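Let me begin by presenting the structure, written as structure tokens, before commenting on it.
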Amino acid sequence: MGRTTIRISVDKKVLLDIDFLIRKRAITSRSQLFEVAIKQWLDRMHRSRLARESAKLDKAEEQALTNESYFADVVAPEH
């Protein structure tokens, strides 16, 4: 996937902090910092959505389905 340039507005204090991190070599560029930060934020959003959806599941029903699937794969030994 290609890269696209965007223009954003940032608080001056935030930008000074970012530039400090670049000077200290904690991150290589403003672009890298924003990309890493956005990816981490998106990951948290996806995980929290998964957690919300998982909480809606009926645990007993899920366990029954798991057991049903597990035991369907087990073949009884022949005598």
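The values are calculated or read from the model by the stated rules, or taken from the named source; none is laboratory data. Quick caveat: nothing in here was measured; it's all calculated off a predicted structure. Note that we place each Cβ from the backbone using ideal geometry, even for glycine, and neighbour counts take in every protein chain shown.
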For residues that are under 24 Å from the mean Cα position of the chain (by Cα) and in a loop (DSSP other than H, G, I, E, B), scanning just region 21-36, find the one that is surrounded by the most Cβ atoms within 10 Å (Cβ to Cβ).
Ile27
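Matching residues to (1) part of a loop (DSSP other than H, G, I, E, B); (2) at pLDDT 95 or above:
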site: Ile6; (1), (2): yes, no
site: Lys13; (1), (2): no, yes
site: Asp43; (1), (2): no, no
site: Arg47; (1), (2): no, no
